[in-house]
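The next block holds one structure in the form of structure tokens; read it before the comments.
Every number here is computed from the coordinates shown, using simple stated rules; none is lab data. Keep in mind the model is a prediction, meaning the values are calculated, not measured. Heads up, the Cβs are rebuilt from the backbone with ideal geometry, glycines too, and the neighbour counts pull from every protein chain shown.
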Ligand code: ADP
Ligand code: MG
């Protein structure tokens, strides 16, 4: 194959990416990036900090890799995104994107397949789906304002709330929206407080017809953000703007939140999403199979649908892994392969991995104590295991970066992100460390 110039390749990739994105998104996230290094078949790209690198990875990683592979004709190429080391202290909040106040930048948080078309409706999610559809066709209906969707992990809350956003974008309608994860809202609020810039916080909510807030349960314990949010909520509501919220539990179980906020959440329509029944699980599987352009026998799908019951994310995980395996080996997906995959995924899923037990296993492996890992010492023999611990916790549990930081003596989330980046980079350079981490992982999954 022809040799290629990586700097040139990245610039061409950026030009392509630009066509798919709005210019504000492109400017905010991708413009200031540059080719850094080549590491095997990985192209390392540097961003201005690890917050940006992390966001680019999760929001655009796949798209950028597709482009890179397309234009280079090399399917084996992968991208790695790195950022400068975070500065210690509160300045870490500076890493928030500066143009967060422009509503159009919201689309970067949307996943392209989280649309209504790709959402299977069943008795478990009918009401939430109907509510979501209704609000995307009519602004400010009092019956559905706010629309509060709640349900367990991996049941489609984010999918539905993003489907509303897609709908609003797609129609070329003039209706503006802001899609925000509550974690980002809290971070932005803190930043505005630090900079004494409440106007900026208020601007987040100005000029929008829809406020879409995902994972409102993360307002827990954030008293000042709650207060500020309460006022914005009232203002939007009074002006007939549509509010949609998602949460992992119903309003009355958001115990830590003030009563007046909880009662507002109940003003409109409260709709839950339950785990899907067998028929819905099967229909979701069929949709995934169609998307991946796979061929899987009905009896295999039936087996998967009967084995995985509680979580749609697990269903899609199984299909994606089966698809990858089948592409790698060139073999079809049969009962045998499916059974193996289900056994191993159920095995890892049901095991309860907590920050505590991950840290103790890592500590034991490196012959240090868990409290040293959680503590402040920066000697190398402690620092690396600590970073390994953080990175494994991130990988094996769904704990937010913030909480991982708290677990490690209240470090902030950017320190955690940075540690994870660093371990990723070290693993590339040091096969020995990579081997150790794999070994620890094997121990963890066999707890
Ligand atoms: P939550 O936000 O509730 O934790 P997500 O919205 O992230 O869950 O959904 C997890 C995964 O399951 C996503 O890939 C999503 O597309 C998929 N999913 C969930 N419910 C459905 C559904 N009814 N139809 C199709 N896909 C679904
Ligand atoms: Mg979600």
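If you filter the stretch 168-185 down to residues that are buried (at least 20 other Cβ atoms within 10 Å of the Cβ) and more than 16 Å from ligand 2 (Cβ to nearest atom), you find that the one that is nearest to residue 113 (Cα to Cα) is 168. Among helices (runs of 4 or more DSSP H) entirely within the stretch 119-236, having at least 1 residues that are under 16 Å from residue 273 (Cβ atoms) and within 16 Å of ligand 1 (Cβ to nearest atom) singles out 126-137, 157-170. The number of residues in the stretch 191-218 that are buried (at least 19 other Cβ atoms within 10 Å of the Cβ) and out of contact with any strand residue (DSSP E or B) (no Cβ under 9 Å at 6 or more places or on another chain) comes to 3. The residue list 270, 300, 289 contains one member that is part of a helix (DSSP H, G or I) and buried (at least 20 other Cβ atoms within 10 Å of the Cβ), which is 300.
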